[in-house]
Amino acid sequence: MDRTERFYRIEVLIRDRGNVSFADLQAELEVSRATLKRDLEYLRSRMDVPIVYNRDTNGYQFEAPAAGSTRKGRAGRELPGVWFSEREIHALLTMQQLIKGLDGAGILARHIAPLQDKLQTMLGTSDVEARELMKRVRIAQPTRRPVALQCFERVGAALLGRQRLALLYYTRSKRSESTRVVSPQRLVHYRNTWYLDAWCHSQDGLRRFALDAVRGADLLDQRAKDVAMKTVEAELDAGYGIYGGKALRSATLLFAPAAAQWVAHEVWHADQRQQLLLDGSLRLTLPYSDDTELVMDLMRHGPDVCVEGPPELRQRVAERLAAAAVQYAGAATGASLL
C-alpha cells in the first residue's frame with residue numbers, strides 16, 4: 001500500500017468508526033510507528049485534515065467544528081473525493097508534460113498548473129522521482145504554428161457554452177480576410193496546431209478552420225447550431241490528414257524496401273490497407289479527397305515511393321518533383337532557388 005492509498009484508508013477508518021486507536025491504525029495499514037506518525041502529521045499540516053487525538057478514548061478522530069464555524073467536522077469533513085496511487089500520479093504528471101508539449105504557446109498551461117501543484121502535494125516534497133520525471137519527459141514539436149491565447153480561450157468558451165462566433169479569418173490560398181459566423185462543434189489538434197470544426201453559416205456547411213489563421217474572434221449571443229458528431233466525422237474525417245470531404249478516391253502507393261521498413265509500422269489512414277511484397281517493398285492503399293497533404297507526405301520519401309494510381313495523383317507528384325529538380329538544377333549553376 002503506497003502513501004496516497006494509506007491517506008485514503010486513514011480517512012475511511014476514522015470516518016466509519018468515529019474514533020480509532022493508534023494501534024488499530026497501525027495494524028490496518030501494516031506500517032511502522034514512525035511511518036504512521038509521519039502520515040498523520042502530513043494529513044494535519046499539509047492537507048488541512050482536522051485529525052485530533054482524544055485522550056479520553058485513546059484514539060484519533062475528526063475535530064468537531066466550533067460553534068458558528070463554517071469548517072466541517074467529522075460528519076462532513078472528508079479528503080478530496082478522487083485519490084490516486086503514486087504510479088497513477090506519475091502517469092498523470094507524464095500526461096501533463098504531454099499537454100505542455102502540445103501547448104507551446106501556454107494556452108492550457110495556466111489552467112493545468114494548479115493540478116500539477118496538487119499532484120506533487122499528494123506525492124510529497126520529498127518524492128525525488130516525481131521531480132525527476134518532470135525533467136526527463138520532453139515533447140518535441142517542430143514546425144509548430146502558435147495560436148493566440150485570447151483566440152483559443154474565446155473559441156473554447158463558445159464551444160463549451162454552445163454560442164456562435166464571429167471570426168475574422170485569413171484564407172491563405174486566397175490571401176484574403178473574410179468574416180465568418182460559425183457554430184463551433186469541436187477542437188482538433190493535428191500536427192502541432194489547433195483547428196476548429198464548425199458549421200459555417202455563410203457557407204451553410206461544415207468547415208475546418210486553422211486557429212492560427214483566425215485574426216479575430218467575438219462571442220455572439222446566438223445559440224450555436226448543433227450538428228451530430230457522426231455527421232461531423234463523416235464530413236471532415238474521411239479524407240486524408242486534415243483535409244476533409246466525402247468525395248473519396250483511392251491512392252495506391254509502392255514504397256521501396258528502404259522506406260517500407262518504416263512505413264509498415266505507420267498509420268497513414270484509419271482505413272488503409274497494406275501488402276508486404278517478397279522483395280521487401282510495401283504496397284499501401286488508402287482513401288483521400290484533397291491531395292494537398294498526401295502529396296507533401298509523399299514528397300518527403302523522394303525516390304523511395306512511387307504512386308501507382310490514380311493517374312492524376314501520379315501526375316501531381318511527378319510535377320512537384322520535376323519543379324523541385326529544376327530549382328536545385330538552378331542552384332548548381334548559381335541561380336536563385338526562388
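Structural remarks
- Ranked Phe22, Phe209, criterion: other C-beta atoms within 10 Å, fewest first: Phe22, Phe209
- 9 Å beta-carbon shell around Leu165, net charge (K/R +1, D/E -1): +2
- For Gly59, the residues whose amide H sits under 5 Å from its own are Asn54, ignoring neighbours fewer than 5 places away on the same chain, with H placed 1.01 Å from N.
- The H on the amide N of Val305, modeled in the peptide plane, is under 5 Å from the matching H of Ala256, each at least 5 residues off or on a different chain.
- Sorting His189, His269 from the fewest to the most surrounding beta carbons within 10 angstrom yields His189, His269.
- Charge context of Gln185, other residues only, Cβ under 11 angstrom, K/R +1, D/E -1: +1
- Per-residue ³J(HN,Hα) for the range 310-318, Karplus 6.51 cos²θ - 1.76 cosθ + 1.60, θ = phi - 60°, Hz, x for Gly and Pro: x, x, 5, 6, 4, 5, 4, 5, 4
- The range 167-195 and the range 251-320 have Cα centres separated by 29 Å.
- Sorting Tyr170, Tyr328, Tyr195 by the number of Cβ atoms found within 10 Å of their own Cβ, with the fewest placed first, yields Tyr328, Tyr170, Tyr195.
- Rule-of-thumb Rg ratio for the range 193-264 [Cα; 2.2 N^0.38 Å; N residues]: 1.55
- Peptide ranges 248-257, 312-321, 171-180, 272-281 listed from the most packed, as the mean C-beta count within 10 angstrom indicates: 248-257, 312-321, 272-281, 171-180
Quick note: the coordinates plus some simple rules give every number you see, no bench work behind them. All of these numbers come straight from a predicted model, not from anything done at the bench. Note that we place each Cβ from the backbone using ideal geometry, even for glycine, and neighbour counts take in every protein chain shown.
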